[in-house]
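What follows draws every value from the coordinates through simple rules; no lab data is involved. Just so we're clear, the structure is a prediction, and the values are computed from it rather than from any experiment. Here Cβ is always computed from backbone atoms with ideal geometry, including for glycine, and neighbour counts include all displayed protein chains.
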């Protein structure tokens with residue numbers, strides 16, 4: 001049974017997982033959907049009520065019934081490296097590839113439906129609240145008056161993107177920033193704006209969840225950091241990430257979050273306040289983990305490899321996500 | 001409790017449903033996401049574990065907790081009618097609007113997750129097979145040799161699009177066509193191609209499903225039609241759509257399909273062969289129904305209005321789709 005990894009060629013973090021899978025003798029097919037059609041080929045046949053599917057890349061041919069798991073890492077846009085790329089070809093290629101893969105019994109990290117839903121920041125906030133995670137007071141609005149009222153109740157605010165895109169997408173890498181006192185909010189009418197009470201934090205927490213396994217790392221705020229240094233991705237180097245234990249109640253809430261979100265992988269960002277409370281900021285279902293593993297030595301790649309290699313069912317496989325495969 | 005309709009201004013089919021909702025006294029908020037930000041405004045507040053949301057359009061302000069259902073008809077791209085549109089603004093606006101709506105307890109026709117999944121033709125074919133609907137032998141491939149082998153086994157073939165886009169999207173309206181005998185399939189390597197055994201049909205069937213209600217219409221093939229007239233959307237006018245009863249086994253299979261697909265609405269296309277068998281061709285989760293209603297007089301708009309107006313739970317509302325709303 002093969003592990004299928006959908007990612008781009010330059011993805012060195014995936015290399016860490018592939019090396020691990022090779023070490024334990026698990027067959028891997030790694031491909032970039034950008035190479036379909038071309039270096040990647042596929043076929044799916046629906047005859048007499050049955051289905052047979054095949055995928056080929058790099059000279060290897062794999063039956064879709066022989067896939068044990070699919071890791072959706074950093075896949076390119078299907079069809080985008082074709083001789084004559086077009087939006088139409090991308091759509092056709094995406095539907096063919098993911099449509100066929102959806103019909104297999106493979107476990108997903110993460111399933112495309114769960115991944116698409118999990119990107120909605122408003123939905124994340126609501127789910128975190130329900131799961132029992134502390135969420136800083138937040139407003140998403142295009143009403144200037146609503147923003148002004150909110151700023152009156154919560155005078156110390158940060159502003160961040162609604163869609164929660166991350167630094168892998170350069171044109172949309174907008175850092176979370178502190179809102180200057182006396183800001184006039186007239187401009188929120190021109191685009192939905194997310195305002196959030198600033199947590200006076202003493203550390204950033206990155207919690208990486210792989211199936212049922214939680215690996216948390218903590219990065220103390222530099223002693224001389226000012227309150228405007230909000231976004232850990234854009235602050236100066238100095239302190240580094242250290243492993244940290246996950247409080248029991250937080251662990252329970254995170255498991256609840258993942259179960260309801262149907263995610264097998266999630267990278268949670270928390271802000272730790274002076275009382276030691278971990279405030280939920282976001283959960284990135286495709287968040288990077290290489291930098292944490294390098295700093296902390298935590299075995300994240302190995303844990304992902306073990307999850308992908310497992311033959312039995314687990315997170316990421318469910319009647320819902322399999323759709324008809326489990327029938 | 002209000003019915004929210006997401007569609008463009010030119011959508012006259014939606015007018016039929018709005019008129020019906022007005023007639024039975026159900027409040028309606030109709031808006032086009034293209035007008036967010038601008039004519040459409042929104043706000044969502046997450047404070048102390050709670051959530052309060054508002055939507056405004058056309059001078060009306062509605063609380064998201066007062067939404068009984070959401071009809072996703074023909075919505076424009078969020079942000080696309082802004083003063084300065086951009087991909088970034090569209091992404092932010094889409095995440096804000098749909099992210100907030102996902103957190104409400106409203107019933108959906110259809111839920112965005114179910115809708116996105118239901119667009120995958122390969123997934124449709126597999127689900128139809130499992131639900132017990134007859135599916136013509138089909139191949140989706142980029143392997144020329146697989147196409148040639150298939151054509152040898154099934155010499156009378158049609159070719160159609162994988163992504164199943166329909167005439168509402170002009171640049172992608174590719175009719176289903178008959179494959180000429182002796183076709184060389186070398187070009188399938190340049191794009192995934194869907195080949196399907198041609199059903200020698202005596203009629204086209206359009207079955208419109210609204211919740212548990214099935215309304216079917218039949219259009220006989222013109223007596224002088226040749227075997228190359230495959231696609232009912234592009235054939236000559238002549239015969240018209242007439243109401244037809246749904247065979248019991250087909251009805252059961254369609255209900256199974258909708259339940260597993262988690263769709264509250266679906267427009268099924270079948271080809272009826274000489275033995276009266278209905279062969280599944282596709283299910284369009286946002287298929288048009290106006291032309292059928294006009295030809296047959298079947299009360300589709302009224303049935304949709306009744307579904308949207310219902311206060312109780314039903315298709316389209318489920319623990320899965322509500323996500324956290326049902327907690």
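Between B:297, B:50, B:182, where does the largest GNM mean-square fluctuation fall for chain B, given springs only between Cα atoms within less than 10 Å? Result: B:50 has the largest fluctuation of those listed. Structural size metrics of the protein assembly as shown, computed from C-alpha coordinates, are Rg and Dmax of 25.8, 86 Å.
Taken along its principal axes, the alpha carbon cloud of region B:2-104 reaches lengths of 37, 35, 21 Å, longest axis first. Each part gets one Cα centre, and for region B:1-65 versus region A:34-71 those centres are 43 Å apart.
Expressed as an acute angle from 0 to 90° and rounded to the nearest 10, what is the orientation of the C-alpha long axis of helix A:12-23 relative to the principal long axis of chain A? Around 50 degrees separate the two axes. Distance between the modelled labels on residue B:19 and residue B:137, one decimal in nanometres: 4.8 nm (7 Å Cα→Cβ projection). Pull up the DSSP beta bridges for the protein assembly as shown and report the antiparallel fraction as a percent, rounded to 5. If we restrict to bridges inside the protein assembly as shown, about 80 percent are antiparallel. Each copy carries a label point for residue B:27 at 7 Å from Cα along the beta-carbon vector; from one copy to the others these points are 6.0 nm apart, nearest first.
Against chain A, whose longest principal axis comes from its Cα atoms, helix A:144-153 is set at around 60 degrees. The alpha carbons of chain A give a radius of gyration and a Dmax of 21.4, 70 Å, in that order.
Relative to the longest principal axis of the Cα atoms of chain A, the long axis of helix A:248-261 lies at roughly 50 degrees. With each label modelled as a point 7 angstrom along the Cα→C-beta vector, the residue A:10-residue B:222 pair spans 5.6 nm.
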